[in-house]
Amino acid sequence: MGTAKRASSRVQGVSALALLCAMAILTAPGLAAGSAYAAPAAPAAPAPEPEGKSLDQVRKEIEDLYRQAGTATDAYNLAVGETKAQSERIVEIARLVVAGQDRITGLKDRAGAAARAQYRSGGLPPGAALALSDSPSAYLDGAGRLRQGEKATTDLLSELNRTQTDLERYAKDAGALWQKMEENRVKQEAAKKQIEDKIKAAEALESRLAAEEKARLIQLEQEAQYKAQTAWLSSGAMKDVKGAATDAGKRAVQFATAQMGKPYEWGAEGPGSFDCSGLTSQAWLAAGRPIPRTSQEQLRLLPKVALKDMRPGDLIIYFDDASHVGMYVGDGAMVHAPRPGRNITMAGAGSMPIKAVVRPDA
């Protein structure tokens, strides 16, 4: 999310930036807005509680709204991707229809030429006339040509019927695709409204906070992330994680870390902003490996790997509904596009509930 910082060269599949950030993760709490994982500041004096709610309750409510917006964003992105694929298929069908119509025109021309030849020969094709010759050799030759002519006519009619059947199927397929496109358009509109409503509600909650409350809210976010990361590391989750990045994985990590500082924007795939799965899908596209667009489809379609086998470049899918995704960069750290109002940044890989790890270059 903000201006990009090019990642430094990788050593054993992990950038120096990732190593520095990971060292901070092991010893310090919190995610500084738009930067590396860093320790939160000392607790500030308690701020007034808005509308009878504690600031931490407001934080959780805001995070829940943004998570719901993230789930709707996945639905929106999936519908957009399906509509694009259906549109491309309709264009392909249109080309096939034009080719089929041209073919039918050619076949009809050939059939017409054969009919005219038969008429000119008194109702018999040239082969049949030869068959009536008094010469035995001419008769045999004529009979052979007659059979060839009959087969050619049969083949011509069969090809004409097949081409007409193909055109009917194309028309049916195009009709079904148009219907799906309309259904997806409705899904997109519904998802878009839900996204905008959730973000608007979250922003309204945050806008009612005083300046010191907003600063404290960021600190509470950092503290919650640090607590989750510390518990995750204390569980021994990273004990056996020693996987090295592949060349493609290194390229994906380089792309993703170079976007740090750019803003989150739902539905965005760069270059100036990204949503969470927009970042991971574009990073792997830059590495030469196209992957599904949404975090839910990444979970569904990419091979899953055990946490202990995780290596830089792998994708970490978060929450039960797979509504968020980040890219593992090594040493317990990941890079991700967090949510609206935040920038692409480095964070602890265990700072949110992990659902699965998937591998784009298995």
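The values are calculated or read from the model by the stated rules, or taken from the named source; none is laboratory data. This one's a predicted model, so the numbers in the text were calculated from it and none came from an experiment. Note: ideal-geometry Cβ built from the backbone for every residue, glycine included; neighbour counts use all protein chains shown.
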Please find, within the stretch 230-264, the residue that is farthest from the chain's Cα centre (by Cα) out of those that are aromatic (Phe, Trp, Tyr) and within 14 Å of Met334 (Cα to Cα). Trp232
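If only one of Lys172, Lys214, Lys250 is more than 22 Å from Val305 (Cβ to Cβ) and surrounded by 13 or more Cβ atoms within 10 Å (Cβ to Cβ), which one is it? Please lay out each step first, then the result.
Numbers: Lys172 fails: surrounded by 13 or more Cβ atoms within 10 Å (Cβ to Cβ); Lys250 fails: more than 22 Å from Val305 (Cβ to Cβ).
It is Lys214.
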Answer with yes or no whether Gly175 is out of contact with any His (no Cβ under 8 Å at 6 or more places or on another chain) and at pLDDT below 85. yes
Please enumerate the residues belonging to the stretch 27-78 that are over 22 Å from Val335 (Cα atoms), assigned to a helix (DSSP H, G or I) and either at pLDDT below 55 or among the acidic types (Asp, Glu) (or both). Pro50, Glu51, Asp56, Glu61
With respect to Leu177, determine if the residue is outside any helix (DSSP H, G or I) and in contact (Cβ under 8 Å) with a residue 24 or more places away in the chain. no
For Glu196, all conditions in the list (1) surrounded by 12 or more Cβ atoms within 10 Å (Cβ to Cβ); (2) modelled with pLDDT under 75 hold save one; what is the number of the exception? (2)
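Looking for something within 20 Å of Ile104 (Cα to Cα) and touching a helix residue (DSSP H, G or I) at 6+ places or on another chain (Cβ under 9 Å) - is there at least one such residue anywhere in the stretch 173-184? Break it down stepwise before answering.
If we filter the stretch 173-184 for residues that are within 20 Å of Ile104 (Cα to Cα), which is where we start, we get 173-174.
Cutting the leftovers down to touching a helix residue (DSSP H, G or I) at 6+ places or on another chain (Cβ under 9 Å) gives us 173-174.
Yes, the stretch 173-184 has at least one match.
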Condition first: in a helix (DSSP H, G or I) and free of Cβ contacts under 8 Å to residues at least 60 places away in the same chain. Now tell me which residues in the stretch 220-250 satisfy that. Ser234, Asp247
Output the residue which, of all residues in the stretch 310-346 that are of a type in the set (Gly, Ala, Ser) and surrounded by fewer than 23 Cβ atoms within 10 Å (Cβ to Cβ), is modelled with the highest pLDDT. Ala322
If Gln259 satisfies every condition in (1) surrounded by fewer than 23 Cβ atoms within 10 Å (Cβ to Cβ); (2) modelled with pLDDT of 95 or more; (3) of a type outside the set (A, V, I, L, M); (4) farther than 20 Å from Ala202 by Cβ but one, which is the exception? (1)
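May I ask you to verify whether Tyr66 is farther than 30 Å from Thr154 by Cα, in the same structural domain as Ala191 (by TED's automatic domain parsing), buried (at least 16 other Cβ atoms within 10 Å of the Cβ) and of a type in the set (Phe, Trp, Tyr)? If you could, list the steps in order and put the result at the bottom.
Working: farther than 30 Å from Thr154 by Cα: yes; in the same structural domain as Ala191 (by TED's automatic domain parsing): no; buried (at least 16 other Cβ atoms within 10 Å of the Cβ): yes; of a type in the set (Phe, Trp, Tyr): yes.
Considered against the rule, which asks whether it is farther than 30 Å from Thr154 by Cα, in the same structural domain as Ala191 (by TED's automatic domain parsing), buried (at least 16 other Cβ atoms within 10 Å of the Cβ) and of a type in the set (Phe, Trp, Tyr), Tyr66 comes out as no.
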Restricted to the stretch 288-304, and to residues that are surrounded by fewer than 17 Cβ atoms within 10 Å (Cβ to Cβ) and either within 20 Å of Tyr76 (Cα to Cα) or not basic (Lys, Arg) (or both), which residue is nearest to the chain's Cα centre (by Cα)? Pro290
Do the conditions hold for Leu285, that is, is it among the hydrophobic types (A, V, I, L, M, F, W, C) and buried (at least 16 other Cβ atoms within 10 Å of the Cβ)? yes
Can you work out which of the residues in the stretch 347-362 that are touching a Leu at 6+ places or on another chain (Cβ under 8 Å) and of a type in the set (Gly, Ala, Ser) is surrounded by the fewest Cβ atoms within 10 Å (Cβ to Cβ)? Ala362
